[in-house]
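J.: Dropping the structure in here first, questions after.
The values are calculated or read from the model by the stated rules, or taken from the named source; none is laboratory data. Bear in mind the structure is a predicted one, so any value in this text is a computation, not a measurement. Note that each Cβ is placed from the backbone with ideal geometry, even for glycine, and that neighbours are counted across all protein chains shown.
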Amino acid sequence: VTIPAAELERLGVLGHGNGGTVYKVQHKRTSKIYALKVVYDDGDLAARRQIFRERDILRKTDSPHIVRCYETYEKPSGDVAILMEYMDAGSLDSLLRSKGTFSEPELAHITRQILEGLSYLHSLKIIHRDLKPANLLVNNKMEVKIADFGVSKIMSPTLESCNSYVGTSAYMSPERFDPDANGGNYNGFLGDIWSLGLTVMELFVGHFPLLPAGQKPDWATLMCSICFGEPPVLPPGASDEFRNFMECCLQKEPSKRWTASQLLEHPFLIKYSTADN
Ligand code: ATP
Ligand code: MG
């Protein structure tokens, strides 16, 4: 089934991002609710490049843990839009702010789903490169899905550097700052694992783990602590399995990190896996 753009009614704004806006829309004929991400023709070149990249990736992916794309639009005027499934509970970032921190069993449930999505992406040779709470969306069934592929990268089989993204994010792994430091042996997939580790730790402690609670990120300080500091560790009270899981993600040396499919077998996830999980 195709959904013509003219049959969509805008109900409100779900979020703003780099040069784009995400709307809550309703398909008038079926009354179904969707999310529509739009980049207007006057958006800058970087924003346009990002939405085309996101469109290309979402058209390729088919996983219960990647946000689903139903249609893409390109108007003669130059507006580009992607019609996605609506994730009615918002992002993990907004959930953290509204409901507070997550317990270990909740985090095991969330983390398993993110890892299912990541191991699927990595098997397609796609690196997300911007994994963080704001880019992980949730619905009322507590299904967690990876979204926002604007800076993702599809690795070609050639020996190409995957470090071409010049943007910055606090969740970036140490090797992203200096890929040559580890002998050019940089495996970009493991950068997503570092970001996952910081994300899960943030959901447990309630603030970005490389900064004290309430402190505004100052980029220079943050970069120093990522590159020269010790990786963050869980506070007292966390279980041994959880502590070890974090260590498997937050190794500064990428080759020491576990892959997504290895982490899916980690005791932390096994411990909390039940029939209803
Ligand atoms: P940024 O550059 O700030 O990360 P972006 O332009 O890349 O933003 P997204 O991260 O895809 O855009 O979306 C921005 C926000 O819009 C999300 O954090 C989320 O709150 C909301 N949003 C995006 N897609 C959906 C969706 N499918 N369902 C519900 N909300 C969504
Ligand atoms: Mg985003």
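J.: Only one residue in TYR34, TYR40 is of a type in the set (Ser, Thr, Tyr), within 25 Å of the chain's Cα centre (by Cα) and modelled with pLDDT of 95 or more. Which one?
T.: On the way: TYR40 fails: modelled with pLDDT of 95 or more.
Going through TYR34, TYR40 in turn, just one is of a type in the set (Ser, Thr, Tyr), within 25 Å of the chain's Cα centre (by Cα) and modelled with pLDDT of 95 or more: TYR34.
J.: Does GLY90 fit the bill of being of a type outside the set (Lys, Arg), farther than 18 Å from PRO4 by Cβ, touching a strand residue (DSSP E or B) at 6+ places or on another chain (Cβ under 7 Å) and within 8 Å of ligand 1 (Cβ to nearest atom)? Walk me through it before giving the result.
T.: Numbers: of a type outside the set (Lys, Arg): yes; farther than 18 Å from PRO4 by Cβ: yes; touching a strand residue (DSSP E or B) at 6+ places or on another chain (Cβ under 7 Å): yes; within 8 Å of ligand 1 (Cβ to nearest atom): yes.
So GLY90 passes the test.
J.: Continuing with this model, one more query. Report every pair of residues separated by at least 6 positions or lying on different chains whose Cβ atoms are under 6 Å apart, first residue within the stretch 134-147 and assigned to a strand (DSSP E or B), second near ligand 2 (Cβ under 10 Å from one of its atoms).
T.: LEU137/SER91; LEU137/ALA147; VAL144/LEU136; LYS145/LEU137
Table: residues versus (1) closer than 22 Å to THR168 by Cα; (2) not acidic (Asp, Glu).
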residue	(1), (2)
GLN215	yes, yes
THR221	yes, yes
GLU230	yes, no
GLU241	no, no
CYS249	yes, yes
LYS252	yes, yes
LEU263	no, yes
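J.: Considering only residues that are within 8 Å of ligand 1 (Cβ to nearest atom) and surrounded by 15 or more Cβ atoms within 10 Å (Cβ to Cβ), look in the stretch 1-18 and name the one that is farthest from the chain's Cα centre (by Cα).
T.: LEU14
J.: It is to be established whether one or more residues within the stretch 122-132 are within 16 Å of ligand 2 (Cβ to nearest atom) and over 29 Å from HIS207 (Cα atoms).
T.: no
J.: Quick check: anything in the stretch 167-187 modelled with pLDDT of 95 or more and under 21 Å from the mean Cα position of the chain (by Cα)? Let's see the steps before the verdict.
T.: First, pick out the residues of the stretch 167-187 that are modelled with pLDDT of 95 or more: none.
No, every residue in the stretch 167-187 fails to be modelled with pLDDT of 95 or more and under 21 Å from the mean Cα position of the chain (by Cα).
J.: Further, regarding this structure: If I ask for residues that are of a type in the set (A, V, I, L, M), within 14 Å of SER195 (Cβ to Cβ) and within 14 Å of ligand 1 (Cβ to nearest atom), which ones from the stretch 115-146 would you list?
T.: Result: LEU131, ALA134, LEU136, ILE146.
J.: Need a quick list: helices (runs of 4 or more DSSP H) entirely within the stretch 203-277 having at least 1 residues that are polar (S, T, N, Q).
T.: On the way: elements: 219-228, 240-249, 260-263, 267-271.
It comes to 219-228, 240-249, 260-263.
J.: For the stretch 98-111, check the following and say yes or no: at least one residue is out of contact with any helix residue (DSSP H, G or I) (no Cβ under 7 Å at 6 or more places or on another chain) and closer than 21 Å to VAL151 by Cα.
T.: Scanning the stretch 98-111, I find no residue that is out of contact with any helix residue (DSSP H, G or I) (no Cβ under 7 Å at 6 or more places or on another chain) and closer than 21 Å to VAL151 by Cα, so the answer is no.
J.: Output the residue which, of all residues in the stretch 37-70 that are touching a helix residue (DSSP H, G or I) at 6+ places or on another chain (Cβ under 9 Å) and of a type in the set (Lys, Arg), is farthest from ligand 1 (Cβ to nearest atom).
T.: So, considering only residues that are touching a helix residue (DSSP H, G or I) at 6+ places or on another chain (Cβ under 9 Å) and of a type in the set (Lys, Arg), the one farthest from ligand 1 (Cβ to nearest atom) is ARG68.
J.: Among the residues of the stretch 1-23, how many are in contact with a strand residue (DSSP E or B) (Cβ under 9 Å, 6 or more places away or on another chain) and more than 16 Å from ligand 2 (Cβ to nearest atom)?
T.: 11
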